Amino acid sequence: MKVIRIVAWAAVAAVAIFMLAQKFTSSKDVGAALGGDFTLTAHTGERMSNEDFRGKYMLIYFGYSFCPDVCPLELAKMTRALQLLEDEGFDTSPLQPLFITVDPERDTVEALDDYVTDFHPRLIALTGTMEEIQDVAQKYRVYFKKRVQEGVDGYLMDHQSFILVMDPKGEYQSLFSARDNPEDMANALKPVLK
C-alpha cells in the first residue's frame, strides 16, 4: 500500500508540474507576473538579494535538502547542463544557479553549506525565515506545503519542481521541467552565452 501511495503522489505531482509548465510557457504576460525582489541568506551566511544577480541569468530551483529524490535529481541535471556547456568551451559565468529552500526549518545555513558540495561549484543555496520563503515563493509562483507521511521520519515537503530562467534584468524568460534533460538545457542556454 505504501508503494502505491508513493506512486500515486508522484503521478499527481508530475501532472501538476506538466500543467504548470504548459501554463507558464503558453502565457504571454508571465514575465510581468512572475518574479520579484527577495533578500535571503546564502549557504555562506551572507545576506543576498536578487539585485546581487543583476546582469546574470538566474537558474532558480525551489526545493529542500532533505528531499529524497526529485530535488537532488533536478540540481544534478542543472549541474550537468552547466558542465556540458563548459566542456564545449562556453563561459558559463553569465549563468547563476540558485537553490531556494522551501524548508527553512531544517535547511539552515550549515545544512545548505554541506548540501551544495554535491552540485555545481557556483551553486548558491538560499534560506531565510518562513515569512521570507513564503514571500519569494509567492512572487515566483511556487507552491509548497509540509506533509507528514506515515512511515517517514520527520516530514516531507510537497512542492513544484521546475528550473526557472530569469534574464539579466530579473524578468522571467523560460523554465525547464522534468521533461528536459541536461542536453536540452545546455542547448537552450547556448544562445545567451554567445
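Please state the equivalent ellipsoid semi-axes for the range 72-131: what are the square roots of 5 times the Cα gyration tensor eigenvalues, largest first, in whole Å? Before the final figure, lay out each step's value.
Working: eigenvalues 125, 23, 16 Å².
In descending order, the three semi-axes are 25, 11, 9 Å.
What ratio of Cα Rg to 2.2 N^0.38 Å holds for the range 138-182?
Dividing the Cα Rg of the range 138-182 by 2.2 N^0.38 Å gives 1.56.
So how much slack lies between Lys169 and Thr129, counting 0.36 nm per residue of separation and subtracting their Cα-Cα distance, in nm?
11.9 nm
Quote the convex hull volume per residue of the range 50-194, based on C-alpha atoms, as a whole number of Å³. Don't jump to the answer; show the numbers that get you there.
Numbers: hull volume 16.0 nm³, N = 145.
Once divided by residue count, the hull of the range 50-194 is 110 Å³.
Mean 1/r over all different Cα pairs, inverted: what Kirkwood radius does the range 103-150 give, in Å?
Averaging 1/r across every pair of different Cα atoms and inverting gives 12.2 Å.
Can you flag which of Lys77/Lys146; Lys56/Lys146; Lys146/Lys169; Lys56/Lys190 are past 23 Å Cα-Cα?
In this structure, Lys77/Lys146; Lys56/Lys146; Lys146/Lys169 exceed 23 Å between Cα atoms.
Each reported figure results from applying straightforward, stated rules to the coordinates on display, with no laboratory input. None of these values were measured; they are calculated from a predicted model.
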